[in-house]
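None of the figures in this text is laboratory data; all of them are computed from the coordinates on show. Worth saying up front: this structure is predicted, and the values here are computed from it rather than measured. All Cβ positions, glycine included, derive from the backbone under ideal geometry; neighbour counts span all protein chains shown.
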Amino acid sequence: MRTKLIELFIPISVACASTACSGGTEAEAAPPPVELSVADVTVDDLAVALSESGVPVAIDPDASALSGCLRVTVRTGGAIPRDQAAELVGHTLEGSGLRLESLASGWVVHLGAGGRFDGCASWMAERLLGEHGPHLRGAPAPPAPEPEPAQVDDVPALEQTLAGIRADADGHVQITRAAADAILAHPGPLFGGAHVEPVEHGGVVQGLLLRNVPPHGVASALGLAEGDLLLTIMGASLASPDQALEAYTRVRAAETVPLQLRRDGHEIEIVYRIVPELEPR
């Protein structure tokens, strides 16, 4: 189970052996400062960026299911001491069900409290339906992060996004490409607190329950309602991490996105059509 972790740390040990630290008799030089600015990247990509900046990072195999799909934003605001960078990254990961361990030879990302194998499925739906991070059964939802000043101007106005959504007859909804891109890029601010919770029966996740839907927000404009149980998107089960992850990558370039859900005991389908501009009625 630890093979991947050991292999990742082999280069760290070799690098140390070629310097004065191998003998243990000379004073170790202070680690260089860390400067990082990444936005909306997977934890795996964050680890790569940190390693390229001089901080070797390994992913514990137990955490790899989440690290490959959960996305984070980390900006140090310039070069900062390594211990401060570890505190910043650790705080960022805590809200995603992961935990950072800082060692002399590098950092290790572990599965933290509340992290679960189905976190990717929840995260996928939340990226599509508006949540700030994984909201898993049995774990409290992390607080919404305060918007970073550098990104505030990048978030489209709610009215602008709503203007790019229109419900047509027979369960079809038109979404302009600009509105769809805005929703995928900024789900938290645009969905106003709507989130999903895995629903289990007999220990098996059946779907994702939609909660806290604002009455006049993006979720409502998309034809969704409080208490909807989301089942599949583009034919992929939202209860399956692998299928949900595959569906998310396809949604970003799709022109038609069918969503299956259960409402008041009845299964219904909403078909989203991604268009350059809203078509005339």
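Among Val43, Val109, Val275, Val213, what is the fewest-to-most ranking by other Cβ atoms within 10 Å?
In increasing order of surrounding Cβ atoms, one gets Val275, Val213, Val43, Val109.
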Legend entry - Rg and Dmax of the stretch 197-240, Cα atoms only, in Å: 11.5, 35
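For the stretch 152-254, run through the trypsin sites (Lys or Arg not before Pro) and keep only the ones in DSSP coil with at most 16 other Cβ atoms within 10 Å of their Cβ.
Counting only loop positions with at most 16 other Cβ atoms within 10 Å, the trypsin sites (Lys or Arg not before Pro) in the stretch 152-254 are Arg252.
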Legend entry - Residue among Ser64, Ala47, Gly77 farthest towards the positive dipole end of the stretch 45-98, charges placed on Cβ: Gly77
Legend entry - Sum of side-chain charges, Glu279 neighbourhood, beta-carbon under 12 Å (Lys, Arg +1; Asp, Glu -1): +1
